[in-house]
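The values are calculated or read from the model by the stated rules, or taken from the named source; none is laboratory data. This is a predicted model, so every value here is computed, not measured. For neighbour counting, all protein chains shown are included, and Cβ atoms are generated from backbone atoms with ideal geometry for every residue, glycine included.
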């Protein structure tokens with residue numbers, strides 16, 4: 001979701017490229033200028049990936065494993081190995097209409113081409129919802145070179161137009177169509193999670209419906225990510241090295257490239273594939289697997305020429321649900337690697353106490369034990 005070391009920094013940006021409101025950066029003004037200091041990352045983070053070596057993640061045909069126990073078992077074994085090693089696999093034949101995916105990407109322009117004044121009016125300080133420019137309302141250094149627009153999606157919401165209403169109330173009635181597109185997209189993602197969660201359950205040896213039931217009343221974060229062109233791509237990141245604190249991320253990236261995953265200490269590129277989704281294991285699912293599955297450590301580079309776009313569906317449990325592994329994952333003498341916690345506990349930690357990175361879960365456990373013994 002975001003990245004770096006410790007949060008709660010007060011924004012102290014330079015004046016170049018800032019809007020009059022002093023709340024965000026206008027990347028159109030910064031395109032051909034020197035990068036402001038607050039966007040420059042430590043050299044230790046900026047190590048380049050392995051040239052010519054790409055991530056070899058399994059690609060699972062979700063249609064092929066339905067009602068076929070042998071195909072499911074084979075796919076589950078591939079997923080198990082990938083999740084134990086680096087925490088990412090891909091899915092195809094997922095049932096999501098390609099025209100809907102394309103429409104969701106096209107709607108980016110209706111949001112991010114707005115004036116800065118309009119965009120900033122659609123965001124709230126220290127809140128995950130609405131517009132954010134480089135997360136500058138929260139952090140003052142190592143800023144990501146990106147804009148985001150985030151909104152909630154409740155899986156048991158009685159209002160079937162919840163996303164439409166969010167866009168209209170946040171950006172205006174003229175964004176009804178944009179809301180309709182993202183409502184349909186989120187509904188499609190919700191349907192996909194049914195198959196993905198069954199696959200993950202089988203891969204862990206749990207009851208097939210265990211995670212489907214666990215996430216029945218999920219409270220998801222949907223995010224549109226826009227990475228503008230950058231003059232000095234070797235000095236900054238679209239997103240720095242981090243693991244998502246959520247359960248799983250269903251990610252669709254455009255064909256620009258720039259995503260990398262860390263495997264055995266090496267950064268490997270994840271090549272874009274049209275209409276294929278990536279499934280990233282997050283910190284919460286790592287805890288649900290008692291540490292067996294790795295939270296995917298990843299980052300995104302910018303490019304000099306074009307805007308990169310991606311769609312992130314961050315699956316989160318209901319806020320007050322206890323996060324703990326299924327009983328059958330634990331042997332008679334196997335110890336719990338993480339204490340029980342709720343998603344609200346972890347979310348509070350990442351919003352108020354810690355800026356997410358590759359060690360968020362470990363930091364959270366220490367904080368939890370100290371603050372809630």
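For segment 206-223, the count of residues that are touching a residue at least 60 places away in the same chain (Cβ under 8 Å), closer than 23 Å to residue 115 by Cβ, touching a helix residue (DSSP H, G or I) at 6+ places or on another chain (Cβ under 9 Å) and part of a helix (DSSP H, G or I) is zero. Looking across 261, 246, one residue alone is touching a strand residue (DSSP E or B) at 6+ places or on another chain (Cβ under 6 Å), touching a residue at least 60 places away in the same chain (Cβ under 8 Å) and assigned to a loop (DSSP other than H, G, I, E, B). It is 246. Taking segment 15-44 on its own, how many of its residues are modelled with pLDDT under 90 and either in contact with a helix residue (DSSP H, G or I) (Cβ under 6 Å, 6 or more places away or on another chain) or under 27 Å from residue 348 (Cα atoms) (or both)? Here the count works out to 8.
Suppose the filter is within 24 Å of residue 134 (Cα to Cα), in a loop (DSSP other than H, G, I, E, B) and in contact with a helix residue (DSSP H, G or I) (Cβ under 9 Å, 6 or more places away or on another chain); does residue 354 pass it?
On the way: within 24 Å of residue 134 (Cα to Cα): yes; in a loop (DSSP other than H, G, I, E, B): yes; in contact with a helix residue (DSSP H, G or I) (Cβ under 9 Å, 6 or more places away or on another chain): yes.
Yes.
Looking across segment 245-270 at every residue that is surrounded by 23 or more Cβ atoms within 10 Å (Cβ to Cβ) and touching a helix residue (DSSP H, G or I) at 6+ places or on another chain (Cβ under 7 Å), the one that is farthest from residue 360 (Cα to Cα) is identified as 250. Scanning segment 226-242 for residues that are outside any strand (DSSP E or B) and either without any contact (Cβ under 8 Å) to a residue 12 or more places away in the chain or within 21 Å of the chain's Cα centre (by Cα) (or both) yields a count of 5. Any residue at all in segment 89-105 that's under 26 Å from residue 230 (Cβ atoms), touching a residue at least 40 places away in the same chain (Cβ under 8 Å) and in contact with a helix residue (DSSP H, G or I) (Cβ under 6 Å, 6 or more places away or on another chain)? Among the residues of segment 89-105, at least one is under 26 Å from residue 230 (Cβ atoms), touching a residue at least 40 places away in the same chain (Cβ under 8 Å) and in contact with a helix residue (DSSP H, G or I) (Cβ under 6 Å, 6 or more places away or on another chain), which makes the answer yes. For segment 64-78, a tally of residues being more than 20 Å from residue 280 (Cα to Cα) and outside any helix (DSSP H, G or I) returns 4.
In segment 301-324, the qualifying residues are those that are more than 17 Å from residue 225 (Cα to Cα) and in contact with a helix residue (DSSP H, G or I) (Cβ under 8 Å, 6 or more places away or on another chain), and the one that is surrounded by the fewest Cβ atoms within 10 Å (Cβ to Cβ) is 320.
Considering 153, 131, the condition of being part of a strand (DSSP E or B), under 21 Å from the mean Cα position of the chain (by Cα) and at pLDDT 95 or above is satisfied by 153 alone.
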